[in-house]
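Right, one structure below, let's go through it.
Each value in this text was obtained by applying a stated rule to the coordinates, not by laboratory testing. Model, not experiment: these values are computed from the prediction. In this analysis, Cβ positions are derived from the backbone assuming ideal geometry, glycine residues included, and neighbour counts consider all displayed protein chains.
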C-alpha cells in the first residue's frame with residue numbers, strides 16, 4: 001500500500017508537467033489550465049524543495065560533532081569547521097539586529113570564502129601538469145591523434161600560438177585550425193554523443209516517471 | 001569597507017592562499033584546517049542565503065501576513081508540513097514518508113525532462129538535416145566542411161550503437177573512425193582543460209603579486 | 001644517457017610545480033604585448049548584447065562560485081562594463097548562492113566608474129533556489145517568482161522593473177556558469193519555448209560540449225574561459241589597467257608552452273628507454 005501511494009505521487013508529479021508540455025496553449029478557445037497554474041505549482045515545489053537544505057547540514061554537524069566529542073585524531077579540523085559555520089550564521093542572521101554584522105558577513109565572504117575556494121580548486125592545475133608529464137604517454141594511434149589535437153587547441157587558445165603561426169597560410173594558423181576543429185569535428189562528435197545521451201535520458205525519465213526503475217530506492221519498504 | 005579593514009582582509013586572504021598552497025610542498029595540518037574552515041563558511045553562507053533571499057520573502061512573509069490579515073497566505077503552512085517530510089529519513093519507522101516527497105520530485109523532474117530534452121534536441125536534429133542538405137553546396141570549403149560534419153555525426157553514433165554487434169566489416173570500420181573522431185574531441189577537451197586549470201592559478205598569482213605584494217599592476 | 005633518462009622520468013613533482021609557478025609569475029611581473037585572435041563566437045556574444053532593443057532588459061545569470069573565479073570573474077566584469085557603457089538595464093539572478101554576491105560586488109565597483117545607479121540601471125534579484133522550476137516560474141511571472149530584491153525592496157517598486165513582468169520584456173539572457181548542465185536547462189526551458197536570445201560565458205572545460213548549440217544557433221554567442229574574456233576586453237577597447245584578462249593571457253601562453261614541453265620531454269624519455277630496453 002505504501003509503495004502504491006509513492007508510485008501514484010511520483011506519477012502525479014510528472015503528469016502535471018508532461019501535460020503542460022504536450023497540451024496546446026489554446027484548447028477549443030480555452031487556455032491550457034496547466035500553464036495557468038504553472039507559476040504557483042513551481043513556486044510551491046521550489047519552497048518545499050529548499051527545506052531539504054537542512055539534511056546536508058545535519059549530516060556534517062553529526063560527523064564533525066562526533067570527532068570533537070570523542071576527541072578523534074583530527075578534532076581540531078572539526079573545530080575549524082564549527083568556527084566557520086557559527087561565525088557565518090552569526091554574522092548572516094545577526095545583520096538584521098546589528099547592522100555592523102553586515103560588514104562582518106561581507107568580510108568573511110570576500111576575504112575568506114573567495115580566496116579559499118579559488119585556491120583549493122587552483123591546485124588542480126599543478127596536478128594536471130604533473131599528470132601530463134608522468135602519465136601522458138603516446139603508445140597508440142588514438143593517443144597520437146588525441147595529443148596532436150590537444151597541441152593544436154592548446155596553441156590556438158593563446159597569443160603565443162598566434163605569434164608562431166602568423167606567417168603561415170591562414171587556414172593553417174593555430175587559432176584558425178583550433179577554431180575549425182572546435183566548430184566542426186568537436187561540435188559534430190559532441191552532437192553525436194548528445195543524441196545518444198538524449199535518447200537515454202528520455203528512456204530513463206519515462207522509467208522513473210512510471211516507477212519501472214529497479215534499485216534500492218525503488219524497492220525499499222515495499 | 002574602510003581601507004584598514006581592506007588591508008587586514010587582503011593579508012588574511014593571502015594567508016588563506018598560502019595555507020592552501022602549502023599542500024603542494026607536503027601534506028600538513030594548516031592545509032587541513034583551512035579546508036575545514038572553508039567548508040564551515042560555505043555551509044553557513046548557503047543556509048543564510050537560502051533563508052534571507054529565498055524562504056523569507058517567498059514563504060515566511062506571505063505566510064505571516066496570511067495569519068495576520070486572514071488571507072490565502074495561510075495556505076503556505078502546508079509547504080512547511082510537506083517540507084518536513086524530507087527529515088523522516090532519520091526515522092526507521094516513518095522513513096517511507098521521506099520517499100513520498102522524493103518520489104514527488106523525481107516524478108516532477110522526469111515530467112519536466114520531456115520538455116527540456118525536446119526543446120534542446122529538436123533544433124539539433126533540424127540543424128543536422130540542414131547541413132546534410134547543404135552538402136551539395138557550390139563553395140568547395142563549405143562542401144568539405146559539411147561533408148566532414150555530417151560524416152562525423154554518423155560515425156560517432158555508429159560507434160555508440162550497442163543494440164547489435166559490430167560484425168559487418170563496414171560497420172566495424174565506421175565504428176573505428178567514430179572512435180578516432182572521439183579521440184579528436186577528447187584532445188580538444190584536454191586542451192581546454194589545461195587552459196581552464198591554468199586560469200585558476202593565474203587569478204591567485206595575480207592576487208598575490210598585484211593586490212598583496214604590489215610587485216606589479 | 002640512460003641515467004639521464006631515468007632522472008627525467010623520476011623528477012620530484014615539486015620541481016614541476018615550481019616550473020608552473022614561475023611560468024605564471026614571470027609574465028605578471030614582466031608584461032608582454034602579444035597579439036590576440038578574436039574568435040567568431042566572442043564577436044557574436046558582443047553583438048547579441050550590443051544590439052538589444054532599448055525597451056528590453058538583460059537577465060545576467062552569474063552562476064559561478066569562487067572555484068572558477070579565474071575564468072568567469074573577468075567575463076562577468078567585461079559583460080557588466082559593456083552593459084554600463086551602453087546604458088543597458090540588467091538584473092542579476094542565479095541558482096547558486098555565491099554568484100549574485102560576486103556579481104554584485106563587481107557591479108558596485110564598476111557603477112562608480114560608469115555612474116550607474118542601483119535600481120535605475122541595474123538590480124540584484126539574488127539567489128533563487130529551485131533550478132528548472134525557478135526558470136519556468138520566472139518566464140511566466142517575474143514579480144511572483146522574485147518578490148523582493150537583495151535590498152528587500154518589493155520588486156514592483158524597483159524603478160527599472162516597471163512593466164517588466166515576464167520573459168517578453170527580456171532582450172537577452174546572459175548565462176555565465178561553470179556548472180555542466182545549467183545551459184541545457186536554459187535552452188530547454190527559456191530559449192527554446194520563448195525564443196529569447198541566449199549567450200553563454202563558460203569555463204574552457206565546459207566549452208566543447210556547448211559548440212553543438214552554437215552551430216544550431218540555440219546560443220547566439222559564447223565566451224570561452226579567460227581567453228573569451230580577453231577577447232571581449234579587446235572588442236570593448238579597454239585600457240591596459242582595465243584589461244586584467246588580456247594581461248593574464250601572457251601567463252596563459254607560457255603555462256601552455258610548459259605543458260607542451262613537458263609532454264614532449266616525458267614521451268621522449270619514455271620512448272628512448274623503451275628502445276634501449278628492446
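For chain A, the relative contact order comes to 18 percent (Cα pairs under 8 Å, sequence separation of at least 6). Look at where the Cα atoms of segment C:115-160 and of segment A:136-191 average out, and the two centres are 42 Å apart. Build a GNM of chain C with springs between Cα atoms under 10 Å apart, and of C:16, C:135, C:60 the one that fluctuates most is C:16. Other protein chain C-beta atoms within 10 Å of residue C-beta, averaged over C:16-25: 6. According to the square roots a ≥ b ≥ c of the eigenvalues of the Cα gyration tensor, what is the shape class of chain B, taking rounded for a/c under 1.5, prolate for a/b larger than b/c otherwise, and oblate for the remainder? Note, shape of chain B comes out oblate. Ordering of B:160-171, B:94-105 by packing is B:94-105, B:160-171, highest average first (other Cβ atoms within 10 Å, averaged per residue). Taking Cα atoms, how many degrees apart are the long axis of helix B:95-133 and the longest axis of chain B, rounded to 10 and kept between 0 and 90? Here the helix axis deviates by roughly 40 degrees. Look at the alpha carbon pairs under 8 Å that are at least 6 residues apart: their mean separation over the length of chain B gives a relative contact order of 11 percent. Beta bridges assigned by DSSP with both partners in segment C:40-242 are antiparallel in approximately 5 percent of cases. Secondary structure note: in the protein assembly as shown, about 10% of the DSSP beta bridges are antiparallel. Largest GNM mean-square fluctuation among C:230, C:220, C:21, using chain C with Cα springs under 10 Å: C:21.
Need one word for chain A: rounded, prolate or oblate. Basis is the Cα gyration tensor (sqrt eigenvalues a ≥ b ≥ c); a/c below 1.5 gives rounded, then a/b vs b/c decides. It comes out oblate by the Cα gyration axes. In chain C, the longest principal axis of the Cα atoms and the axis of helix C:244-277 are about 40 degrees apart. Listed from fewest to most Cβ neighbours within 10 Å, the set A:15, A:108, C:83 follows the order A:15, A:108, C:83. Specify the angular offset, from 0 to 90 degrees and rounded to the nearest 10, of the alpha carbon long axis of helix C:98-114 from the longest principal axis of the alpha carbons in chain C. It is inclined by approximately 80 degrees. Per residue of chain C, the DSSP helices (runs of n ≥ 4 H) give a summed -39500 (n - 2.57) that works out to -16000 deg cm²/dmol at 222 nm. Neighbouring Cβ atoms from other chains, within 10 Å of the Cβ of residues in A:76-82, number 6 on average.
Considering only alpha-carbon pairs that sit under 8 angstrom and 6 or more positions apart, the relative contact order computed for segment C:40-242 is 29 percent.
Ranked by the mean number of other Cβ atoms within 10 Å per residue, highest first, peptides A:49-57, B:22-30 order as A:49-57, B:22-30. Each helix, a run of at least 4 DSSP H residues, gives -39500 (n - 2.57); summed and divided by the residues of chain A, these come to -24000 deg cm²/dmol at 222 nm. Look at the stretch C:8-15: the mean tally of other chain Cβ atoms within 10 Å of its residues' Cβ atoms is 3. Taken as Cα centroids, segment B:27-76 and segment C:228-278 sit 42 Å apart, rounded to the nearest whole angstrom. Counting only DSSP H runs of at least 4 residues, each contributing -39500 (n - 2.57), and dividing by the residue count of chain B, the helix-based mean residue ellipticity at 222 nm comes to -24500 deg cm²/dmol. Each peptide in A:193-201, C:255-263, A:88-96 was scored by the mean count of other Cβ atoms within 10 Å over its residues; highest first, the order is C:255-263, A:88-96, A:193-201.
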